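**Student:** If you scroll down you'll find the structure; I have some questions about it.
Quick note: the coordinates plus some simple rules give every number you see, no bench work behind them. All figures in this text were calculated on a predicted structure; none of them were measured in a lab. Quick reminder, even Gly has a Cβ in these numbers, built from the backbone with ideal geometry, and neighbours come from all protein chains shown.
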Amino acid sequence: MIEALIAGERDPHLLAGLARGVPRHKHEDLVAACDGRFTATHAAMCRLHLDAYDHTTGKIAELDGLVAEAAAAFEPVITRLMTISGIGRRTAEVIVAETGADMSRFPTPEQLTAWAGLVPGNRESAGKRRRAVTRKGNKHLKAAMVEAAWGASRTRSRIGARLRRLVRRFGRQHAKKAAVATAHTLLRVCWAVMARGEDYREDGGDFYDRREARQTHYLAARYQKTLERLGYQVTLIAPDPGPAHHPDPDQPEEPAA
């Protein structure tokens with residue numbers, strides 16, 4: 001549409017017909033938007049902006065080629081990292097670039113997450129622990145992991161379920177805090193993938209529900225045996241879930257702005 005305007009086309013209906021994608025369904029709005037004053041000066045400015053965009057896009061493509069060339073030696077690690085929900089090629093390249101993909105430098109996942117600045121700060125005075133922000137760390141790796149956590153929030157994966165559960169727990173006004181906590185979990189998963197040299201095995205969006213069910217069954221059996229040792233006769237009756245509505249942990253939630 002912009003190229004047609006620069007070329008001298010002024011018919012709003014013809015210009016609206018050049019739309020692609022979603023705007024095609026808003027034909028009348030596009031006609032109204034294209035019906036106006038568009039001078040040669042406007043065309044010259046649009047041409048300058050399009051040329052700048054094309055130049056920048058070309059430079060980005062050149063940089064992508066250089067990055068791909070430098071990352072070729074780490075392709076197996078990048079491929080394994082991309083098996084993790086929320087981790088795309090660009091994020092995997094950031095992880096490899098910042099850590100070197102050598103986990104001998106980080107013997108434990110706790111050391112890696114602390115180095116990245118994805119752990120709570122320690123603010124203690126007179127024996128009292130106070131609220132503290134996350135520690136300072138590698139800002140590039142931290143930003144990439146938080147972005148990956150947001151990306152996984154819309155998936156039916158363990159990482160996505162983790163973020164949605166934390167948002168419900170902290171409240172939607174603290175969604176960013178939940179994203180940082182999920183990024184911490186995500187980086188621990190990345191550490192395991194790189195340290196063990198194995199692909200990620202997805203646990204599914206119901207991972208935490210299944211874990212809670214196992215814990216509930218274990219506690220019930222444990223307390224039953226304890227009471228029986230004391231001489232009581234115990235009969236376990238499953239609780240009635242009742243009509244209360246419980247949010248679907250697999251249903252993605254909109255992240256806060």
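**Student:** Listing ILE95, ILE237, ILE87 from the residue with the fewest other Cβ atoms within 10 Å to the one with the most, what is the order?
**Tutor:** Final ranking by Cβ density, sparse to dense: ILE237, ILE87, ILE95.
**Student:** With only Lys, Arg, Asp and Glu charged, each at its Cβ (+1 for the first two, -1 for the last two), find how big the charge dipole of the chain is about the Cα centre; round to the nearest 20 debye.
**Tutor:** About 1740 debye.
**Student:** Just rank VAL146, VAL193, VAL67, fewest to most, by other beta-carbon atoms within 10 angstrom.
**Tutor:** VAL67, VAL146, VAL193
**Student:** Sequence neighbours fewer than 8 away in the same chain don't count; with that in mind, list the aspartates and glutamates whose C-alpha is under 18 Å from LYS176.
**Tutor:** Counting by Cα, and skipping residues close in sequence, LYS176 has these aspartates and glutamates nearby: GLU147, GLU253, GLU254.
**Student:** Let me ask something else. Which value results when the Cα radius of gyration for the chain is divided by 2.2 N^0.38 Å?
**Tutor:** 1.47
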